[in-house]
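Just below is one structure, and these are the notes that go with it.
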Amino acid sequence: MRVIGLMSGTSYDAIDAAAADLGLVGDSLVLKPLGLVSEAYDDALREELAAALPPGTTSMAEVCRLDTRIGQAFAAAAVRADRELCDGRAEWVASHGQTVFHWAEDGQVYGTLQLGQPAWIAEATGLPVVADFRPRDIAAGGQGAPLVSLVDLLWLRGRPGTPVALNLGGIANLTAPDGTAFDTGPGCALIDAAARGFSGGRLVYDVDGALAGRGEVHEPLLRRLLEEPYYALPAPKTTGKELFHLGRLTDALAGVGTLPAEDVVATLTMLTARTVADAVRSVGATEVIASGGGTRNPVLMRMLGQRLPGVALRTSDALGLPAAAKEAYAFAVLGFLTVHGLAGTEPTATGARHTRVLGSITPGRHGLRLPPPARERPVRLVLE
């Protein structure tokens, strides 16, 4: 089955559309990557989205407009992926949508909201769409994240030692082979916010770690940032930009004096490296396989490597899964599981009471034709 996975992370810089041929062979799910296309949000939509996200305020009218415009942007990415990667022969689309709020209080998640109305994707492509993956896990008592943990567990099963899958997106999360999975804290969220703020919006992120590379870590600021109670919460736990945003950084900067932009960004980069490394050590990892936009920041990767002596650090590219596309491929897999009536969650990872089939389905141009349900969920993911 040819599936297009659509993903835009908490950095909301672009929509990634990855296409894959997926099939069940014995107890394995075989994935053949077909490639990735990325569509940047246009400047106006990105600015509207940024203004609506916490700590900003918004209206129901703006939420409605964003749901439509993001849905149309996702639809354009899916059409392009079908044309360029699938020769017009894609069969399904799996869309994560754009997370705009994750309602977490005192370690429990009560709701989550992803915008990007799937009807626009179905109408533009003619294909059925699986979307709204996260709410079902939350309704079953889970955190609704990190949902890619199941894919990581299938993919890394049988690998020697204690391999940990790490995603360095706006928020960083990891998955350990025993099923432990959680958000470690900010990945690039605070780094991006500082780069955008100090540059007056000229920079969307710290390109190639250039700002951090010219700065020095300011220890008093780092200590203040590390006082955030989230880091001490037990797993499973999840977070988002509701907690890690520019306002929190501004509060932390109060009282430490005026610092050069480069020093602030270097300190935030060390904050990510420090909290990720602490989390990696807490699960006894012998190997870290990283993906996400943060892997393109050489300063962050160097700081992380320095804080993990004796732990192999590599990107998912080395194992055949492009780091930039891994989450989009993961949602293609989750969509495939849903279409075949298979659960897409791992309770040990999200804290849910039980496994659940995820998402809702929007029929395509020719109605809804589901394949026969599979009898058992695969136990491993094999890349072809």
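Sorted largest first, the principal axis extents computed over the alpha-carbon atoms of segment 164-221 equal 43, 25, 18 Å.
Hydrodynamic radius of segment 123-209 by the Kirkwood approach over all distinct alpha-carbon pairs: 15.6 Å. Label point of Glu219 set 7 angstrom out along Cα-Cβ; within segment 294-333, amide nitrogens under 20 Å from it belong to 303-304, 306-308. Would you work out what percent of the accessible area of segment 101-256, with all protein chains in place, is carbon or sulfur (probe 1.4 Å)? After summing per-atom areas, the C and S share lands at 53 percent. For segment 303-350 versus segment 243-262, the spacing of their alpha-carbon centroids is 32 Å.
Using C-alpha pairs below 8 Å separated by at least 6 residues, the relative contact order for segment 158-255 is 27 percent. Charge dipole of segment 166-214 (Cα centre as origin; +1 on each Lys and Arg Cβ, -1 on each Asp and Glu Cβ, all else neutral): 280 debye, rounded to the nearest 20. P(r) tail, segment 245-376: Cα-Cα pairs separated by more than 28 Å, 43% of all pairs. Using only the C-alpha atoms, the convex hull of segment 316-384 corresponds to 136 Å³ per residue.
Scaled against the 2.2 N^0.38 Å expected of a compact globular protein of N residues, the Cα radius of gyration of segment 266-315 reads 1.02.
Ranking Thr180, Thr286 by solvent-accessible area of protein heavy atoms (1.4 Å probe, all protein chains present), from largest to smallest, gives Thr286, Thr180. Using the 1.4 Å probe convention, the accessible area of segment 297-347 works out to 32 Å² per residue with neighbouring protein chains retained.
How far is the Cα center of segment 1-66 from the Cα center of segment 79-154, in Å? The distance from the Cα centre of segment 1-66 to that of segment 79-154 comes to 8 Å.
I'm a student and want to see the number: the projected area of the Cα convex hull of segment 1-97, averaged over all directions, in nm². Please list the in-between numbers first.
On the way: hull surface 28.8 nm².
Convex hull of Cα atoms, orientation-averaged projection: 7.2 nm².
Taking only the C-alpha atoms of segment 60-190, the Rg (one decimal) and the largest Cα-Cα distance, Dmax (whole number), read 16.8, 52 Å. Overall dimensions of segment 159-304, expressed as equivalent-ellipsoid semi-axes from the Cα gyration tensor (√(5λ), whole Å, largest first), are 26, 16, 13. Note that segment 141-215 presents 30 Å² accessible area per residue, ligands and nucleic acids not counted, probe 1.4 Å. Each Lys and Arg contributes +1 and each Asp and Glu -1, all at the Cβ; summed about the Cα centre of segment 242-306, the dipole is approximately 160 debye. Rolling a 1.4 Å probe over the protein heavy atoms gives segment 1-127 an accessible area of 42 Å² per residue.
Calculated from DSSP H runs of 4 or more alone, at -39500 (n - 2.57) each and per residue, what is the 222 nm mean residue ellipticity of the chain, nearest 500? Present the calculation step by step, with values, prior to reporting the outcome.
Working: 13 runs with 138 residues, N = 384.
Mean residue ellipticity at 222 nm (helix-derived): -11000 deg cm²/dmol.
Calculate the dipole size of the chain relative to its Cα centre from +1 charges on Lys and Arg beta carbons and -1 charges on Asp and Glu beta carbons; express the result in debye to the nearest 20. I would put it at about 720 debye.
Semi-axis lengths, largest first, of the ellipsoid equivalent to segment 96-168 are 26, 20, 10 Å, with √(5λ) applied to each eigenvalue of the Cα gyration tensor.
Over all Cα atoms in segment 1-57, the spread is summed up by Rg and Dmax: 16.3, 50 Å.
Just the projected area, averaged over all directions, of the convex hull on the alpha carbon atoms of the chain: how many nm²? Let's see the in-between values first.
Details: hull surface 70.5 nm².
If I average the Cα hull's projected area over directions, I get 17.6 nm².
The values are calculated or read from the model by the stated rules, or taken from the named source; none is laboratory data. The structure presented is a predicted model; accordingly, all values stated were derived computationally and were not measured. Methodologically, a virtual Cβ is constructed for each residue, glycine included, from the backbone with ideal geometry; neighbour enumeration extends over all protein chains shown. The accessibility values were calculated without ligands, DNA or RNA, using every heavy atom of the protein model including side chains. Shrake-Rupley method; radii C 1.70, N 1.55, O 1.52, S 1.80 Å.
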